[in-house]
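Take a look at the structure below.
The numbers here are math on the coordinates, done by the rules we state, and not lab data. Quick caveat, the model's predicted, so the values are computed rather than measured. Cβ: placed from backbone, ideal geometry, glycine included. Neighbour counts: every protein chain shown.
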Amino acid sequence: MHIKSIISEFKVKLIEYFIAFPFITFVCFSSFIFNQFILSNVKVIKMSWRNFVKISENVYWVGAKDWNRRLFDALIPLPKGTSYNAYLVLGEKKKALVDTVNPGFENELEDKVKQIIDPSDLDYVVMNHAEPDHAGAVPHVMAWNSKAKLVTTRMGAKMAQVYYKVPSERIEIVGDQSTIDLGGKTFRFIEAPMLHWPETMFTYLQEDKILFPCDFFGSHLAKELYDDEVEDLLVHAQRYFGEIMMPFRLNAEKGLDKIKDLEIKMIAPSHGPIHRNLQRILEAYRKWVKGETKQKATIVYATMWGSTEKMIRPIMETLASEGVEVVLYNLSMADLGDLAKDLVDSRAIILGAPTVLAGVHPLALYATYLVKVLRPPTKFGAILSSYGWGGVAIKHVQEILGQSKLEVVGTLEINGPPSEEDIKQIVEIGKNLAKKIKETP
């Protein structure tokens with residue numbers, strides 16, 4: 001059969017088929033129209049399950065939640081995980097990323113940014129703080145394009161070169177009160193040294209009245225985005241302050257003073273929830289940085305065969321009976337973060353420290369050293385110790401705390417478990433300590 005005849009017969013059969021089955025005809029025709037005239041003119045967008053949040057007009061949270069992290073700096077427990085907050089700010093002319101994320105979360109950050117802008121359009125990366133949990137993704141982000149500048153303090157520039165190999169020509173150094181105009185959005189930079197590294201700065205977005213203070217006002221929490229979504233937020237914020245900011249209370253007070261005249265509607269730290277209820281966190285920080293304490297005593301102790309614990313119980317009961325708030329930590333099972341939290345507002349600390357191997361028990365030694373480095377505003381102390389054949393624990397503890405301003409109200413070192421006479425002495429130390437705690441503002 002001639003080829004033209006075959007084609008002609010096929011066309012006839014096809015027409016008959018479409019007439020016989022109108023629904024199939026409609027589907028085929030619709031599909032043809034959709035492919036030819038709609039899909040050909042639509043830019044296909046890659047969808048993502050990553051969650052970013054608009055916190056203000058053209059300002060987005062693009063950070064990461066680390067639900068599984070349980071330890072920070074090989075020291076600080078994280079029972080609730082943490083977050084690494086990063087913020088994308090879009091001006092009419094320029095685009096900026098404020099802080100980045102911890103190593104391991106670079107792709108998550110990039111994926112969120114890609115849902116909002118083309119990463120090659122990024123103009124600035126603001127590094128408020130050079131620690132890797134906030135700046136660890138700087139090399140990854142700087143590789144998105146060749147034009148973006150890293151914005152940081154002079155000391156931050158040196159750290160960026162040392163830790164992240166950022167070339168000097170891609171760093172823009174800013175000083176206190178310097179500004180960068182993004183077009184309708186203006187950054188003002190506020191140097192905040194030792195909060196809690198020497199290069200630290202705050203970034204204030206003037207038009208939106210948002211303060212990006214990095215670690216300041218932070219908390220280690222993975223859950224929720226805003227402060228008013230976390231009922232016990234101040235507990236976590238106080239814990240964080242005790243762990244991170246308490247050694248730098250003088251610098252923290254200066255930091256608060258620098259922002260006191262700013263009109264702030266939102267505080268967006270780099271860990272934990274964003275603050276919309278500003279008075280709650282600001283009032284708490286004012287108390288903490290000034291070292292305001294309560295009629296409260298924190299008791300920490302280690303015990304091997306129970307003798308030191310038998311000394312701790314009567315002083316705890318005595319303080320409580322005198323109306324002093326008491327918190328107790330057995331160092332063999334204590335959470336360091338909880339201990340740091342309670343030291344923030346305790347007026348006294350009692351240390352139970354047995355002697356072991358001709359020295360203070362390692363756990364008690366650890367706690368003593370933490371008191372020294374965290375520099376809590378505690379004013380008074382007492383030291384209780386037991387030993388088997390040679391007592392040196394109290395001497396070692398006092399040597400460590402020698403340069404602190406802690407007034408040691410009483411000490412007692414005994415051989416073996418406490419006798420009735422020992423208990424009487426402990427009760428007397430407790431009463432004297434309670435009197436000091438209640439008489440001192």
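What share of the DSSP beta bridges in region 296-439 is antiparallel, in percent to the nearest 5? Let's see the in-between values first.
Values: 2 of 26 bridges.
Here the share of antiparallel DSSP bridges comes out near 10 percent.
Where the centroid of each part is defined by its Cα atoms, how far is region 228-262 from region 138-206 in Å?
Cα centroid to Cα centroid, the span is 22 Å.
Antiparallel versus total DSSP beta bridges in the chain: what percent is that, nearest 5? All intermediate terms of the calculation are to be shown ahead of the outcome.
Values: 29 of 65 bridges.
About 45 percent, rounded to the nearest 5.
For the chain, what does the relative contact order come out to in percent, with C-alpha contacts under 8 Å and a separation of six or more? If you can, show how the numbers build up before the last one.
On the way: 867 pairs, mean separation 45.8, N = 441.
About 10 percent, as a whole number.
Distance in nm between label sites at S168 and E231, each 7 Å beyond Cα in the beta-carbon direction?
5.6 nm
Return, ordered by residue number, the residues of region 65-80 whose backbone nitrogen is under 11 Å from a label point located 7 Å along Cα→Cβ of R276.
Inside the label zone: nothing.
For a 22 Å ceiling on Cα separation, which of these pairs sit above it: K296/K395; K223/K296; K287/K438; K294/K431; K209/K258?
Details: K296/K395 25 Å; K223/K296 30 Å; K287/K438 18 Å; K294/K431 17 Å; K209/K258 15 Å.
Table pairs above 22 Å Cα-Cα are K296/K395; K223/K296.
Within region 230-266, what residues put their amide N at less than 14 Å from the label point 7 Å along the Cα-to-Cβ vector of R286?
253, 256-262
After finding the eigenvalues of the alpha carbon gyration tensor for the chain, what semi-axes result from the square roots of 5 times each, listed largest first in whole Å?
Details: eigenvalues 751, 143, 74 Å².
Here the semi-axes work out to 61, 27, 19 Å.
How many angstrom lie between the C-alpha centres of region 267-308 and region 343-367?
20 Å
Pop a pseudo-label 7 angstrom from the Cα along the beta-carbon direction at both R70 and V327 and give the gap in nm to one decimal.
It is 2.2 nm.
Hand me the GluC sites (Glu not before Pro) from region 276-313 located in a DSSP loop with no more than 10 other Cβ atoms within 10 Å, in residue order please. Show your work: numbers first, answer last.
Values: sites: E283, E292, E309; in loops: E292.
For GluC sites (Glu not before Pro) across region 276-313 that sit outside H, G, I, E and B with at most 10 neighbouring Cβ atoms in 10 Å, the list is empty.
Can you put K147, K223 in order, fewest other beta carbons within 10 Å first?
Details: K147 11, K223 14.
In order of increasing Cβ crowding within 10 Å: K147, K223.
Using amide H atoms built in the peptide plane, which far-off residues or other-chain residues are under 5 Å from V98 H to H?
Residues meeting the amide H criterion: Y87, L88, V89, V126.
Looking at region 325-419, which trypsin sites (Lys or Arg not before Pro) are DSSP coil and have at most 10 other C-beta atoms within 10 Å of their C-beta?
Numbers: sites: K341, R347, K372, K379, K395, K405; in loops: R347, K379, K405.
Within region 325-419, the qualifying trypsin sites (Lys or Arg not before Pro) (loop, at most 10 other Cβ atoms within 10 Å) are K405.
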